[in-house]
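Engineer: Submitted below is the structure of interest, expressed as structure tokens.
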């Protein structure tokens with residue numbers, strides 16, 4: 001199923017009531033990149049962060065199970081590389097200590113390692129397997145690293161109102177190999193330039209998943225973070241919610257905390 005976007009400008013935008021200076025791009029591709037870059041660069045400079053959250057899995061019948069986890073992130077030094085992140089599960093007992101270490105790249109395959117306590121071993125995630133579900137959730141392995149600006153080619157589609165707020169609508173085409181997605185559509189609000197929704201299309205071009213991001217909060221360092229992410233698989237009617245607590249920044253983590261050899265010693 002294809003998603004048709006309304007490309008007409010809103011009345012507010014037509015009269016110049018926008019929240020940012022006009023972009024200088026002349027083509028839809030250039031304008032799409034500039035909007036994406038403005039969004040990405042609005043949150044640089046945080047250094048490192050740590051946050052606790054809940055993962056709520058819902059099946060097609062509405063039955064739910066809950067997991068608790070923590071994510072640590074080390075900011076990329078520049079846009080030629082990606083962030084480093086570490087996901088560690090605290091509960092339930094059957095997955096306690098499970099950890100995913102990710103070193104995001106741009107066009108080269110991301111480096112990802114999964115530690116499975118039951119097997120007491122670290123497994124490298126092959127680039128051909130990164131479209132698979134992460135610990136049974138509706139988030140794929142690649143969803144944890146595929147947010148880097150230069151991983152996509154962009155095209156500006158138009159504007160669309162969501163809940164009375166104007167959004168720029170962008171098409172994102174993955175530039176990296178072995179993506180499970182043929183295309184993504186992203187909605188970026190024109191107020192604080194944050195992504196509010198993403199549609200993911202499978203390799204056949206059909207709509208696969210919809211991600212909605214909400215409860216945005218701005219921290220003292222100026223960065224914005226969504227505190228609720230809801231990923232719904234429209235083909236299976238399964239859903240995964242991520243509900244975040246407050247972020248802690250400048251917590252003193254460094255490169256040595258994001259090495260494969262530490263995964264088996266986290267618990």
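Engineer: Using label points projected 7 Å from each Cα along Cα→Cβ, tell me how many nm separate residue 94 and residue 161, to one decimal.
Structural biologist: About 4.8 nm separates the two model spin labels.
Engineer: Further question on the same structure: What distance in nm separates the simple spin-label points at residue 248 and residue 260, each placed 7 Å from Cα in the Cβ direction?
Structural biologist: 2.9
Engineer: Would you mind calculating the gained length between residue 27 and residue 42 on full extension (0.36 nm times residue separation, minus the Cα-Cα distance), in nm to one decimal?
Structural biologist: Extra length from residue 27 to residue 42 when fully extended: 3.2 nm.
Engineer: If you don't mind, there's one more thing I want to ask. Contour minus end-to-end for residue 206 and residue 65, with contour as 0.36 nm per residue of separation and end-to-end as the Cα-Cα distance?
Structural biologist: 48.0 nm
Engineer: Give me the distance between the Cα centres of region 202-267 and region 177-201, rounded to whole Å.
Structural biologist: 14
Engineer: Now for a separate question. Take the alpha carbon gyration tensor of region 55-144, find the square roots of its eigenvalues, order them as a ≥ b ≥ c, and report rounded if a/c is under 1.5; if not, report prolate when a/b exceeds b/c, else oblate.
Structural biologist: prolate
Engineer: To continue, here is another question. Dividing the convex hull volume of the alpha carbon atoms of region 19-262 by its residue count, what do you get in Å³ per residue?
Structural biologist: Convex hull volume per residue, Cα atoms: 133 Å³.
Coordinate-derived values only; no laboratory data. Everything numeric here is computed off the predicted structure, so don't read it as measured data. We place every Cβ from the backbone using ideal geometry, glycine too, and count neighbours over all the protein chains shown.
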